[in-house]
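Heads up, the thing below is written out as structure tokens.
The values are calculated or read from the model by the stated rules, or taken from the named source; none is laboratory data. Values in this document were obtained by computation on a predicted structure and should not be read as measured data. All Cβ positions, even for glycine, are placed from backbone atoms using ideal geometry, and neighbour counts span all protein chains on display. Ligands, DNA and RNA are excluded from the accessible area calculation, which covers all protein heavy atoms including side chains. Shrake-Rupley method; radii C 1.70, N 1.55, O 1.52, S 1.80 Å.
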Amino acid sequence: MAKSVTPNAISNLLKNPSPDSSSELPEIVVQVVDLKQSGNRYMFTASDGKMNLRAILPSSQNSEVISGNIQNLGLIRILDYTLNDIPKKSEKYLIVTKCEPVSPSLQMEIKSEETGIILRPKQENEIKSQVKSEELGIHLKPKQEMVTKSAAQIVHEQHGNMAPAARMAMTRRVRPLVSLNPYQGNWTIKVSVTSKGIMRTYKNARGEGCVFNVELTDEDGTQIQATMFNEAARKFYEKFELGKVYYISKGTLKVANKQFKTVQNDYEMTLNENSEVEEASNEASFVPETKFNFVQIDQLGPFVNGKELVDIIGVVQNVSPTMSIRRKSNNEQIPKRDITVADETKKTVVVSLWNELATIVGQDLLDMADKCPVVAIKSVRVGDFQGVSLSTLSKSQVLVNPDLLEAKKLRCWYESEGKVTSMVSVSSGLSPTSKNGGRSMYSDRVLLSHITSNPSLGEEKPSFFSVRAHISFIKPDQTMWYRACKTCNKKVTEAIGSGYWCEGCQKSDEACSLRYIMIVKVMDASGEAWISVFNEEAEKIIGCSADELDNFKSQEGEENQYQLKLKEATWTPHLFRVSVSQNEYMNEKRQRITVRATAPVDFAAESRFLLEEISKMKGSQ
């Protein structure tokens with residue numbers, strides 16, 4: 001028996017882009033063409049033989065694709081849908097919110113204009129369709145009617161006995177977040193609150209006000225940030241509770257400000273005092289699917305000190321013990337644990353876990369560290385400590401050995417070659433290109449005079465720059481290192497009797513290590529400045545560890561190895577990534593320049609950078 005599609009199905013879909021759920025949809029059968037996976041969803045082209053339309057299947061249908069019920073070149077019946085515009089194009093794409101398989105894969109794509117599906121009017125019992133042998137078509141069994149009442153009657157009878165949230169779900173279509181855009185009218189979403197911010201106050205030219213925002217996630221794992229101001233903020237702040245599920249309607253959408261967005265969505269939502277928010281208290285709650293947008297470790301450079309959060313996945317290489325960090329604002333002790341992860345780029349990065357992630361998840365990772373587990377971490381901030389580092393936030397999520405395709409691929413790579421591959425820190429590859437960490441070495445390039453002639457730099461928050469300079473002088477008689485705990489690197493004191501006491505670890509040890517904390521003078525064509533350099537970057541400059549330099553210093557003679565090492569380190573060009581801040585000393589504010597990353601000059605890359613600068617200067621004339 002030949003199988004086919006509903007005639008003019010695509011044109012009928014385009015005529016009715018947002019059908020009312022209370023009205024009965026006509027039979028819509030289309031062919032699935034070019035079925036492929038995109039993230040955690042499947043995309044395809046819906047075809048009726050004459051017209052095509054790009055489409056997305058809901059993640060709830062993934063099992064149907066994996067099991068083979070929905071196949072490429074197969075047929076599906078669309079039961080519910082919505083149409084969205086493709087940004088910057090005149091096209092639309094179809095969001096299939098509910099469908100069912102009709103036929104497995106056909107031999108070829110349907111291309112005939114005469115193709116069609118023959119359906120008889122619905123009867124109370126079985127409907128029989130006669131299809132002529134010479135016609136292309138498919139014999140379908142229509143759905144049996146379970147009741148004789150109309151949908152409108154059912155809604156009217158049930159409406160009065162329902163809670164407000166259930167009435168909202170019954171009378172309006174619940175749309176997935178992925179289908180929303182700023183040009184739609186009324187919509188209702190069902191979402192879980194996955195993050196709730198604090199109520200903040202602000203003051204601007206319009207006056208004073210308050211604002212807070214929440215991050216909402218639907219069952220498919222799509223996220224969006226919703227913001228409320230003033231009356232709306234006061235109305236909904238107590239109503240929204242972390243982890244609860246709500247029906248929301250009468251909000252507005254706009255294009256998200258990339259500088260401040262915290263979730264992966266092109267739009268952000270605003271709720272006003274007329275918006276409707278009802279808790280789905282009588283319904284089963286759901287655990288939103290966690291979506292990831294992984295960034296490879298060697299691509300973290302452009303995100304350094306940016307507002308955008310990133311997701312990473314890697315194999316755990318090392319797990320440190322828990323340490324306590326004292327918060328400056330209130331002297332509160334916060335638990336912290338560092339883990340080192342690596343990925344297929346053969347780069348490693350340190351991730352700082354805080355609070356419960358450090359004590360609970362971190363302890364689990366320490367217990368299984370010998371098995372090198374795979375971790376997927378969502379929403380981490382990229383900082384410039386030791387070049388590039390990552391830090392979790394209160395909203396961050398850490399999944400250990402997750403059931404993800406990326407995790408399986410990473411595990412296969414690690415077992416086959418990764419475990420015997422030499423890994424290097426991502427911070428060590430900052431200088432060569434603008435792609436891999438170029439933000440840290442080639443952006444914000446200034447002369448030293450730009451920093452030293454602006455004493456107000458770094459007053460409110462640290463300012464970051466890149467400079468190319470020579471080290472002109474290193475004081476040989478300065479205190480160049482401190483005694484550090486071998487576990488947490490904090491300063492230790494001599495214990496009573498013998499050994500060294502660490503306040504951070506609350507324990508004594510027989511030995512300690514030395515870590516650099518030194519000041520050097522640097523110079524470029526515009527002037528000179530004193531800069532502070534810490535252990536990892538100082539080791540790159542001096543060429544040995546602080547323990548080794550201490551041994552050289554204890555040797556006798558005027559021209560000993562200590563003096564020679566310091567001499568060799570001078571008049572060598574370096575690329576520095578520095579932070580500029582204000583410190584107060586003796587009631588006087590002083591500028592402090594601290595090296596965050598350093599790298600030797602790559603003269604080929606430096607030449608390209610200078611040529612680009614010359615081209616910009618010529619273009620501006």
**OP:** Give me a count of the residues in region 369-390 that are in a strand (DSSP E or B) and under 17 Å from Lys347 (Cα atoms).
**Re:** 8
Original post:
Considering only residues of region 451-462 that are at pLDDT 85 or above and surrounded by 15 or more Cβ atoms within 10 Å (Cβ to Cβ), which is nearest to the chain's Cα centre (by Cα)?
Top reply: Leu457
Original post:
Considering region 577-621 alone, what residues qualify as being open to solvent by 100 Å² or more (accessible area, probe 1.4 Å), of a type in the set (D, E, K, R) and assigned to a helix (DSSP H, G or I)?
Top reply: Arg608, Glu612, Lys616, Lys618
Subject >> Selection from region 524-544 of residues that are outside any strand (DSSP E or B), in contact with a strand residue (DSSP E or B) (Cβ under 6 Å, 6 or more places away or on another chain) and open to solvent by 40 Å² or more (accessible area, probe 1.4 Å) >> reply: Lys540
Original post:
Restricting to region 326-346, what's the tally of residues that are in contact (Cβ under 8 Å) with a residue 60 or more places away in the chain and more than 19 Å from the chain's Cα centre (by Cα)?
Top reply: 1
Subject >> Candidates Val287, Val263 - the one that is open to solvent by less than 70 Å² (accessible area, probe 1.4 Å), of a type in the set (Val, Ile, Thr), at pLDDT below 90 and not in a strand (DSSP E or B) >> reply: Val263
Original post:
Out of all the residues in region 266-284, which are in contact with a Phe, Trp or Tyr (Cβ under 7 Å, 6 or more places away or on another chain), at pLDDT 90 or above and open to solvent by less than 50 Å² (accessible area, probe 1.4 Å)?
Top reply: Leu271, Val277
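Can you tell me which residue is surrounded by the fewest Cβ atoms within 10 Å (Cβ to Cβ) among those in region 550-576 that are under 42 Å from the mean Cα position of the chain (by Cα) and hydrophobic (A, V, I, L, M, F, W, C)? Spell out how you get there, then give the answer.
Of the residues in region 550-576, the ones under 42 Å from the mean Cα position of the chain (by Cα) are 569-576.
Still in the list and also hydrophobic (A, V, I, L, M, F, W, C): 569, 571, 575-576.
Numbers: Ala569: 18, Trp571: 11, Leu575: 22, Phe576: 24.
The extreme case among them is Trp571.
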**OP:** Test each condition in (1) farther than 25 Å from Gln333 by Cβ; (2) buried (at least 17 other Cβ atoms within 10 Å of the Cβ) for Tyr500 and report the one that comes out false.
**Re:** (1)
Original post:
Within the set of pairs 6 or more residues apart or between chains, which connect a residue that is outside any strand (DSSP E or B) inside region 512-523 to a residue that is open to solvent by less than 30 Å² (accessible area, probe 1.4 Å) with Cβ atoms less than 9 Å apart?
Top reply: Cys512/Ala484; Cys512/Cys485; Cys512/Val492; Cys512/Gly499; Cys512/Cys502
Original post:
Can you name every residue in region 201-246 that is in contact with a helix residue (DSSP H, G or I) (Cβ under 6 Å, 6 or more places away or on another chain) and among the polar types (S, T, N, Q)?
Top reply: Thr222
Subject >> Residues located in region 173-207, provided they are open to solvent by 20 Å² or more (accessible area, probe 1.4 Å), at pLDDT 85 or above and aromatic (Phe, Trp, Tyr) >> reply: Tyr202
Original post:
Which of the residues that make up region 357-394 are among the β-branched types (Val, Ile, Thr) and more than 18 Å from Thr322 (Cβ to Cβ)?
Top reply: Val374, Val380, Val382, Val388
**OP:** Find the residue count for region 228-255, including only residues that are assigned to a helix (DSSP H, G or I) and either among the small types (Gly, Ala, Ser) or open to solvent by less than 80 Å² (accessible area, probe 1.4 Å) (or both).
**Re:** 4
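Applying the selection to region 556-601, what residues are among the acidic types (Asp, Glu) and either touching a Leu at 6+ places or on another chain (Cβ under 8 Å) or free of Cβ contacts under 8 Å to residues at least 12 places away in the same chain (or both)?
Here is the first cut: in region 556-601, the ones among the acidic types (Asp, Glu) are 556, 558-559, 568, 584, 588.
Scanning region 556-601 gives Glu556, Glu558, Glu559, Glu584, Glu588.
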